[in-house]
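Everything on this sheet refers to the single structure shown next.
Throughout, read-outs are computed from the coordinates displayed, never taken from laboratory work. Predicted model, so just to flag it, every value in this text is computed and none were measured. No Cβ is skipped: glycine too gets one built from the backbone with ideal geometry, and neighbour counts run over all protein chains shown.
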Amino acid sequence: MQKPLQFFLVLFFLSIYSQAQEPKKMSATDIYESVQKLNFLGSVLYVAAHPDDENTRLISYMSNQVKARTAYLSLTRGDGGQNLIGPEIRELLGVMRTQELLAARRVDGGEQLFTRANDFGFSKHPDETLNIWNKEDVLGDVVLAIRQFKPDIIINRFDHRTPGRTHGHHTSSAMLSIEAFDLANDNTAYPNQLKQTGLWQPKRLFYNTSWWRYGSREAFDKIDKSNMLNFDIGTYYPLKGLSNNELASLASSQHLCQGFGRLSQRGSSKEYIEFLKGDFPEDKTDIFSGIDTSWNRIKGGKTIGDILYAIETNFNFKTPSIHIPELLKAYLLLKSIEDEHWKVIKTKELKTIIEACAGLYLEASASTPTISNGNTIELNIEALNRSNAKIELVSLGVSTKATAISKNTKLKPNQKQNFTEAINIPSSMASTGPYWLNKKGTLGMYHVEDKSLIGLPETPRSVRVDFNLKINDIPFSITKDVVYRYSKPDKGELYRPFEIIPEASVKVSESVIIFENDQQKEIQVIVKAGKNSIEGFVQLEHPDGWNVYPAKQKIEIAHKNEEQILVFTVIPPKNQSEGQITPKVFIGNKVFSKELIEIDYEHIPFQTVLLPSESKVVRLNIQKKGENIAYIEGAGDVVPESLKQIGYNVITIKPEDINAETLNRFDAVVLGIRAYNTVEELKYKQQLLFDFVARGGNMIVQYNTSHRVKVDELAPYNLKLSRDRVTDENAQVRFLNPEHELLNFPNKITQKDFEGWTQERGLYFPNEWSSEFTPILSMNDKGETPKDGSLLIAKHGKGYYIYTGLSFFREFPEGVSGAYRLFANMLSIGKDDIKKQDNQIKN
């Protein structure tokens, strides 16, 4: 029975965290483990650069085995990566990855912190990283995180001594942590922070090393480990029915948009940390050796500890409410201690434990998931005491009201109390959204006006309810964010965050609109109502030289959440030009110009994001040959939509539908990014694709990573991928074969076509290829050797096979004109020859 039981437990944990919106309901086991953590006064800060960099095994071990308060400081939110499960990129991807980190922490028991650093993409050296990030600001954020979290122990994920050997963001995170270790206790460093927090000196700093740092397990076995500590992170937790490494696997599997879903692991396994700074622990088996982690650590703590240690020792799993009187004694004593840091932390933990022991169910659910400010919302209040404790609901304090709502209602055991309260959302209340996206930042930094928010994982909810109680006649307040609770027949009970949205939001149907000639296009502007009965008009701001008709259009929407679609005619200039068009909605004396974006995945809470609504318009001088394009999806990009913009007929075909008859309908086949890494079926369809090329088709393969390739052969000829990449989007591009058709037909490609590229030139270029291939371009980052594998072409039969690591998937969404012109040449190559051959055959 052991194996089925363990399998059930894994499924049980997954079901708990699959609906991340649902408030956690604590079992007696959860309460007991919370008491254990309550009785440990020590903290660990783990530091790295991105979502998924964190070692969930070590975070889980510190949180669940050591019982330390443990947090992960991720310097970025992961905006610069790819998304394997949806279309969100850049800022929206950062929102998703933030929530995936929070989901992971809900599993492994850690907390989550950030800096204002923006993940601008891969960086080869920390010098570049720290220049783009603004080193002083990010260092200040790391110092602030240390001063506020007050860790005894800091553990770096990466080695500060190896610049240039790994991602520049990685090394930078370690370098900044090393520097901040001392600055956090220096009153001349970032003195403005001391208005909101105090100085702090961590006791120890470690580097989370491993055998891969030394090249092999054999080499690691031979090194001197006298300055290292190690932990068996495979420890089993009987109270959870899971081992630490199983729990860690569940945590890291929350990073779904990065493809981190994985099998759980079990059994003994060691983690090593190398001592870098501070006081080396006297006992190498105890990372907190020499640090008092008991209640004796704080003045007045001994009396509190005497109460709480006794509860831990004699915990009643059957009736946890029996501990409420003693817990309340500790609560009153805790309120009078001088140490504000531990008072705040431990009061919050203790209140959660008392709430759970009493079986209190307190909820404030809105009648609708969204509302615009200046309107009234109905709250459904539920209060339930599922214990024999003497509890009274004295009043409800709503964050939008100046005075509390008196209730004076006894919460009798298991007798539910329901109330309905109408509250007004003030006109001054800001719309809900990620605080770091409120103002436009730079390439490397978010702009955060409210400095008190720096470091927080998400924006604190503005609509809350304080349940002001008396428990055994002791005043006791519990705060709950207002939520939206609802059900679906095929899902059951569901939760969503309650959001404040604007009266109107607006967007252009396409974020980039390409004009392949000077012919006008009709574009759709979509206005969405955030409340009932809105009236006004819409205008489009546009660049000089462009024209829009009509100048403005009336809107009239009767019901909230309804949309009205307006069609504007946009007339481009005669010559190549680009700019931004911005829709604006005028309602009375208010102007709305933001797009409301919703992100809905089961593994993270529902997200509402407001971003400036603007679309890039690009008038291209572009020619093309061929009409019908087959697209095979990989990890996700907007290439099909982008090619449609310049007049191609693009059909997405499934791998199982690939056959000679289907392919004969197309002039070219394009494979999405990482298709050979993610689509297993292509292994069995590769020869059909090569045969298509031999018959006269063009095959364009976009970048794949050099590992986990699903096919035996990438190309009809020898071709090997590497990790070569050019991260400088402004790196010089040299034409190796300037007379090649790919650079001249049907569009003459010049250096101007490589201006305005974003994030990078390209990645995972081949570094070995057979003589059948012709390299077209050469480029490199500063101080590196030329990389000639970014664009390779080979004639195969009557057609052409093209492999490219150029980052078209990033350039198309940004409307980079040169990327469109070059891709059109790739699709067009040889098409005039085919037509000539066909005409000769007919004649």
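Of note:
- Length gained when the stretch Ala219-Gln415 is fully extended (0.36 nm per residue, less Cα-Cα span): 64.0 nm
- Taking 1.002 mPa s as the viscosity and 20 °C as the temperature, the Stokes-Einstein diffusion coefficient of the stretch 628-840 based on its alpha-carbon Kirkwood radius rounds to 125 µm²/s.
- When the listed pairs Lys346/Lys491; Lys346/Lys480; Lys654/Lys831 are checked against a 27 Å cut-off, the alpha-carbon distance exceeds it for Lys346/Lys491.
- Once C-alpha pairs closer than 8 Å and six or more residues apart are averaged by separation and normalised to the residue number of the stretch 502-619, the relative contact order reads 34 percent.
- Loop-located trypsin sites (Lys or Arg not before Pro) in the stretch 243-337, at most 10 other Cβ atoms within 10 Å (DSSP): Lys299, Lys318, Lys335
- Note on the stretch 339-417: Rg/Rh from Cα positions, Kirkwood definition for Rh, rounded to two decimals, is 1.04.
- Two numbers describe the Cα atoms of the stretch 162-259: Rg and Dmax, which are 18.7, 51 Å.
- Relative contact order (%) - criterion: Cα under 8 Å, at least six apart; region: the stretch 628-840: 22 percent
- When DSSP beta bridges are restricted to pairs lying wholly in the stretch 502-619, around 90% turn out antiparallel.
- All C-alpha pair distances within the stretch 640-686, sorted into 5 Å bins from zero, spread as 4, 17, 28, 25, 17, 7, 1 percent across the bins.
- For the set Lys195/Lys240; Lys67/Lys299; Lys124/Lys798; Lys329/Lys407, the pairs lying more than 32 angstrom apart at their alpha carbons are Lys195/Lys240; Lys124/Lys798.
- Sorted from longest to shortest, the spans of the Cα atoms of the stretch 422-479 along the three principal axes equal 55, 27, 13 Å.
- Considering only the stretch 628-840, percent of DSSP beta bridges that pair antiparallel, nearest 5: 55 percent
- Loop-located trypsin sites (Lys or Arg not before Pro) in the stretch 478-572, at most 15 other Cβ atoms within 10 Å (DSSP): Lys491
- Total charge dipole magnitude, the stretch 502-619, about the Cα centre, Cβ charges on Lys, Arg, Asp, Glu only, Debye to nearest 20: 360 debye
- Simple spin-label estimate for Glu768 and Arg297 in nanometres, 7 Å along Cα-Cβ: 5.4 nm
- Global geometry of the stretch 249-376, whether rounded, prolate or oblate, following the gyration tensor of its Cα atoms and the 1.5 cut on a/c: oblate
- Translational diffusion coefficient of the stretch 668-764 (Stokes-Einstein, Kirkwood radius from Cα pairs, 37 °C, 0.692 mPa s): 212 µm²/s.
- When the inverse distances between all different Cα atoms of the stretch 502-619 are averaged and flipped, the Kirkwood radius reads 15.0 angstrom.
- The 3J(HN,Hα) values that the Karplus relation (6.51, -1.76, 1.60; θ = phi - 60°) gives for the stretch 459-468 are, in residue order, 6, x, 5, 8, 10, 9, 10, 8, 8, 8 Hz. Gly and Pro appear as x.
- Looking at the chain, the DSSP beta bridges with both ends there are about 70 percent antiparallel.
- Coil-residue trypsin sites (Lys or Arg not before Pro) of the stretch 384-441, DSSP, other Cβ within 10 Å capped at 12: Lys416, Lys440
- Each residue of the stretch 410-426 is assigned a 3J(HN,Hα), and the resulting list reads 6, 9, 6, x, 6, 10, 5, 10, 10, 9, 10, 10, 8, 10, 9, 8, x Hz, derived from the Karplus form 6.51 cos²θ - 1.76 cosθ + 1.60 (θ = phi - 60°), x at Gly and Pro.
- Average projection area in nm² (convex hull over Cα atoms of the stretch 352-509, one quarter of hull surface): 13.0 nm²
- Along its three principal directions, the equivalent ellipsoid of the stretch 605-653 from the Cα gyration tensor extends over semi-axes of 27, 19, 7 Å, largest first.
- Each of Met26, Met779 was scored by other Cβ atoms within 10 Å of its Cβ. Listed from fewest to most, they are Met26, Met779.
- Reciprocal of mean inverse Cα separation for the stretch 42-293 (Kirkwood radius, Å): 18.5 Å
- Computed over the stretch 252-327, the alpha-carbon pair-distance distribution with 5 angstrom bins reads 3, 10, 11, 10, 10, 11, 17, 17, 9, 2, each value a whole percent.
- Each eigenvalue of the Cα gyration tensor of the stretch 61-148, multiplied by 5 and square-rooted, gives one semi-axis; in descending order these are 24, 20, 10 Å.
- Contact order, relative form, for the chain: 9 percent (alpha carbon pairs under 8 Å, 6 or more residues apart, mean separation divided by residue count).
- Stretch gain in nm, segment Thr785-Asp182, where the contour uses 0.36 nm per residue and the Cα spacing is subtracted: 213.2 nm
- Calculated SAXS-style log₁₀ I(q)/I(0) at q = 0.08, 0.10, 0.11 Å⁻¹ - the chain, Debye, Cα scatterers: -0.83, -1.23, -1.41
- Using distinct alpha-carbon pairs, which all enter the 1/r mean, Kirkwood radius of the stretch 238-287 in Å: 13.6 Å
- On the beta carbon distance between Gln519 and Tyr549, with R0 = 22 Å, the FRET formula returns roughly 0.95.
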